[in-house]
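The values are calculated or read from the model by the stated rules, or taken from the named source; none is laboratory data. Not measured: the values here are computed from a predicted model. Methodologically, a virtual Cβ is constructed for each residue, glycine included, from the backbone with ideal geometry; neighbour enumeration extends over all protein chains shown. Each accessible area value is taken on the protein alone, full model and side chains, heavy atoms only, with ligands, DNA and RNA left out. Shrake-Rupley method; radii C 1.70, N 1.55, O 1.52, S 1.80 Å.
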Amino acid sequence: MSQTSLKQKKKSETGSRYSKDSLETDKSRKDSEKSGVRLSTQGSQELSLPKTGSRGYLVRNQWSRTSRSPSTKAPSVDEPRSRNNSLKPPNSSTSSGTSSTSPSHQELPQPLSAQPSPPTPTMPLDSRPSTPPELQLPSASRQQTKLTENSDAWSHGVGRESRESRDKRESRDSRDTQQREYPRTPPTEWKPYAQRRMLYPSQLDRDCMSDLARQLEEEEDEDNAYWASVKTLYEKTPSCSRPRPPKPKHAITIAVSSRALFNMVDGRKIYEEEGLEKYMEYQLNNENVVLTPGPAFRFVKALQHVNARLRELYPDEQDLFDIVLMTNNHAQVGVRLINSVNHYGLLIDRFCLTGGKSPIGYLKAYLTNLYLSADSEKVQEAIQEGIASATMFDGAKDMAYCDTQLRVAFDGDAVLFSDESDHITKEHGLDKFFQHETLFENKPLAQGPLKGFLEDLGRLQKKFYAKDERLRCPIRTYLVTARSAASSGARVLKTLRRWGLEIDEALFLAGAPKGPILVKIRPHIFFDDHMFHIEGAQKLGTIAAHVPYGFNQKMNN
């Protein structure tokens, strides 16, 4: 037989074998379309499922080379992939017989939902048949088949899976955010962190914080608790609660010089003998040394007690005494003054340190009602400016003073009243003076420099009287005058009545010394215009204040 005839015979045998395989493939396909692929299980139970690929696509013939083109339709989300894995390829003869099917027999795969399938009988989970073993194919051909068949489907499936996982994660994050949405405090209702943190779930906070942050938070909580307890302790202690000073336009402003409030004799001596630089050096070296009290110290302490009593009866009272430290000292000396003021618990908040310049020009700016100083020249200058002033002199002896009542003693003429009587006495004698006072008994006397301060004291006294505190009033005023009650006393009392002022005690001495009477009264301050009365009171221990006003001062100058 020739070689050509052998080739033709072999070609016809191959074609007939391929045609038989094609007929068997078509027949098996039609049977699977009618009843689906039936998988035999243990016993008589069968599970009928359509034939799908590894990604859930229907294939014409499992493991067929002619069905490598994947379907363009995405797999159904509702179809579990475990069912796809349970599908097994047919026997090896079918696979090998259909591997070379002609392209004319290829058809596009259809979706899973388009295949009719009989209802699947419900069975318990434990009684379901096990998955039949897979057919082992050569590893190289199997991998090549899967890569070639499902390359596009695999890329679409992975993209869809990533989108689904991202959507689920976003929905879960949004749900967690809604659950952990904390209430927000309005900007106007600011609260400290210790109060705001109580609004948040503590467990969530502790889960989100590291150990270091949690430790810092605990330390901060301990500090806040400590300072809260200290604040409560200080608020309960009366000596530690510092009241706010009154407004200057409502207050009774008492300006006191540093030499009147404290004893600064040593520093003054250095200033006069060695000059300003040595004086400043001395004050800087001794700024932590507390100054001793001066002549106006007890008077200032008594004013503070009156303020405390007024605040008890009238918590919002502004008509109070306001003490201002007015001095021509340099600002470098201010540290020692502040230390001394705080040491004694004096409520002095306003200072005026003029650095060598006269402070008189600031008295009106501070709305001063009374100026007390140890410098007679500055006092005289303040009197000329129309400001009530007096030069302070300390007592030569120690004397016990009342701590619960402010006691102020006034002379009459040239202090509360004008110097009219002094003019008549010096020009016409004492008899003419008595006749004049009897003739003008119903005519009020003109006011003197301290009349305004007496009015301030009387106004505060009436506040206590309104609360039925007349017997316990912390202010008491005295009139200590050299006038005779019988000859000239009536005009004085009528003048006070016309002014609407009340004096608690009126003492008419008819020219007798005032020192012994003042020792009995023990006033915190005694105002007089005659230096011989000041010296007499000073020798017996009374703190006196000289008022350089009137006819006698002009004669002395």
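Restricting attention to region 334-345, does a residue exist that is touching a residue at least 12 places away in the same chain (Cβ under 8 Å), open to solvent by less than 10 Å² (accessible area, probe 1.4 Å) and closer than 30 Å to LYS463 by Cβ? Yes, the conditions are met somewhere in region 334-345. For the condition touching a helix residue (DSSP H, G or I) at 6+ places or on another chain (Cβ under 9 Å) and free of Cβ contacts under 8 Å to residues at least 60 places away in the same chain, ILE323 does not qualify. Residues in region 366-389 that are in a helix (DSSP H, G or I), open to solvent by 40 Å² or more (accessible area, probe 1.4 Å), closer than 16 Å to LEU450 by Cα and without any contact (Cβ under 8 Å) to a residue 40 or more places away in the chain: GLU381, GLN384. Would a scan of region 293-314 turn up a residue that is farther than 22 Å from ILE252 by Cα, touching a helix residue (DSSP H, G or I) at 6+ places or on another chain (Cβ under 9 Å) and open to solvent by 10 Å² or more (accessible area, probe 1.4 Å)? Yes - at least one qualifying residue is present in region 293-314.
Can you spot a residue in region 412-419 that is open to solvent by 10 Å² or more (accessible area, probe 1.4 Å), outside any helix (DSSP H, G or I), acidic (Asp, Glu) and more than 26 Å from PRO248 (Cα to Cα)? So far as region 412-419 goes, yes, one or more of its residues are open to solvent by 10 Å² or more (accessible area, probe 1.4 Å), outside any helix (DSSP H, G or I), acidic (Asp, Glu) and more than 26 Å from PRO248 (Cα to Cα). Say whether the condition of being under 15 Å from THR391 (Cα atoms), open to solvent by 40 Å² or more (accessible area, probe 1.4 Å) and touching a strand residue (DSSP E or B) at 6+ places or on another chain (Cβ under 6 Å) is met by at least one residue in region 507-515. Within region 507-515, not a single residue is under 15 Å from THR391 (Cα atoms), open to solvent by 40 Å² or more (accessible area, probe 1.4 Å) and touching a strand residue (DSSP E or B) at 6+ places or on another chain (Cβ under 6 Å). Of all the residues in region 437-482, those that are polar (S, T, N, Q), open to solvent by 10 Å² or more (accessible area, probe 1.4 Å) and in contact with a strand residue (DSSP E or B) (Cβ under 8 Å, 6 or more places away or on another chain) number 1. Listed by first and then second residue, the pairs linking a residue in region 463-490 that is under 23 Å from LYS432 (Cα atoms) to a residue that is of a type in the set (Phe, Trp, Tyr) and part of a helix (DSSP H, G or I), with Cβ atoms under 8 Å apart and 6 or more places separating them unless they lie on different chains, are SER484/PHE434; SER487/PHE434; SER488/PHE433; SER488/PHE434.
Of the strands (runs of 3 or more DSSP E) lying entirely inside region 453-540, those containing at least 1 residues that are in contact with an Asp or Glu (Cβ under 7 Å, 6 or more places away or on another chain) and not small (Gly, Ala, Ser) are 475-481, 525-528.
Residues checked against (1) surrounded by 15 or more Cβ atoms within 10 Å (Cβ to Cβ); (2) outside any loop (DSSP other than H, G, I, E, B); (3) without any contact (Cβ under 8 Å) to a residue 40 or more places away in the chain:
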residue: LYS397; (1), (2), (3): no, no, no
residue: ALA400; (1), (2), (3): no, no, no
residue: THR404; (1), (2), (3): no, no, no
residue: ARG407; (1), (2), (3): yes, yes, no
residue: ASP422; (1), (2), (3): yes, yes, no
residue: GLU427; (1), (2), (3): no, yes, yes
residue: LYS432; (1), (2), (3): no, yes, yes
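With respect to LEU540, determine if the residue is touching a Gly at 6+ places or on another chain (Cβ under 7 Å), aliphatic (A, V, I, L, M) and open to solvent by less than 50 Å² (accessible area, probe 1.4 Å). Spelling it out, it is not the case that LEU540 is touching a Gly at 6+ places or on another chain (Cβ under 7 Å), aliphatic (A, V, I, L, M) and open to solvent by less than 50 Å² (accessible area, probe 1.4 Å).
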